[in-house]
Amino acid sequence: MLLEWVQKIKLFSSPRKEFYLFLKNLIGFYPRKLIFYDIAFTHRSTPRLDSQGNIVNNERLEYLGDAVLGAVIADFLYNRFPREDEGFLTKMRSKLVNRAILTNLTFEMGIHRFVDTNSVNPVEKSHIYGDALEALIGAIYLDKGYQSAKYFITKRILSNYVDLREL
């Protein structure tokens, strides 16, 4: 309980209060390790330095988030469609983790407003926002664990933004 109050105080006293409150509303819980979320929204075109002077950006979190997203989607589809074969499940997973779908989701969810990028390359720009969503999933996984990442993907994304019948 005390930890939750400390987290709230950090959020409300931070110069990035708007971003952290957006995150809380988006993911459905208070983030604990705010640095993960800051990094998740930092594209390689605007790298930051960590406390040891190393350059950090969202690419490693994107890698992790992609793996978590794939596992959660596979589990979700496996349980949602118990009579469908492997081919159907694979096609559905491919549609759900498609870069264009992820990028569109970032705009629907408002994530794109907080991605820190200096990229002017239109091809690269098309991937930046979807990559940031995967990095956010990686940040949630590192901050709160697999169950919280699963909750975010299934309850906050799939339930609110994805029409499985349309896919």
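Do we find that residue 154 is in contact (Cβ under 8 Å) with a residue 12 or more places away in the chain, polar (S, T, N, Q) and within 26 Å of residue 43 (Cβ to Cβ) in this structure? Steps first, answer last, please.
Values: in contact (Cβ under 8 Å) with a residue 12 or more places away in the chain: yes; polar (S, T, N, Q): yes; within 26 Å of residue 43 (Cβ to Cβ): no.
So residue 154 does not fit the description; no.
Mind listing whichever residues of segment 141-167 are closer than 24 Å to residue 89 by Cβ and hydrophobic (A, V, I, L, M, F, W, C)?
Result: 149, 152, 153, 157, 158, 162, 164, 167.
For segment 58-91: of the residues being in a loop (DSSP other than H, G, I, E, B) and either open to solvent by less than 40 Å² (accessible area, probe 1.4 Å) or among the basic types (Lys, Arg) (or both), which is farthest from residue 142 (Cα to Cα)?
Residues of segment 58-91 that are in a loop (DSSP other than H, G, I, E, B), as a first pass: 58, 81-85.
Filter once more, keeping what is either open to solvent by less than 40 Å² (accessible area, probe 1.4 Å) or among the basic types (Lys, Arg) (or both): 58, 83.
Working: 58: 13, 83: 33 Å.
Applying the filter and picking the extreme gives 83.
Could you list, in sequence order, all residues of segment 29-58 that are closer than 20 Å to residue 118 by Cβ and in contact (Cβ under 8 Å) with a residue 60 or more places away in the chain?
Our first condition is that a residue be closer than 20 Å to residue 118 by Cβ; within segment 29-58, this holds for 37-50, 54-58.
Hits for segment 29-58 are 37, 39, 40, 41, 42, 43, 45, 46, 58.
Give the residue, chosen from 55, 101, that is open to solvent by 50 Å² or more (accessible area, probe 1.4 Å), closer than 21 Å to residue 159 by Cβ, out of contact with any helix residue (DSSP H, G or I) (no Cβ under 6 Å at 6 or more places or on another chain) and aliphatic (A, V, I, L, M).
Numbers: 55 fails: closer than 21 Å to residue 159 by Cβ.
Checking each option against the conditions leaves just 101.
Within the set of pairs 6+ apart or on separate chains, which have a first residue in segment 110-131 that is closer than 23 Å to residue 18 by Cβ and open to solvent by less than 40 Å² (accessible area, probe 1.4 Å), a second that is at pLDDT below 80 and in a helix (DSSP H, G or I), and C-beta atoms under 6 Å apart?
The qualifying pairs are 119/125.
The values are calculated or read from the model by the stated rules, or taken from the named source; none is laboratory data. Everything quoted here is computed from the prediction, not taken from an experiment. Please note: Cβ atoms are built from the backbone with ideal geometry, for glycine as well, and neighbour counts cover all protein chains shown. Keep in mind that these areas ignore ligands, DNA and RNA; they rest on the heavy atoms of the full protein, side chains included. Shrake-Rupley method; radii C 1.70, N 1.55, O 1.52, S 1.80 Å.
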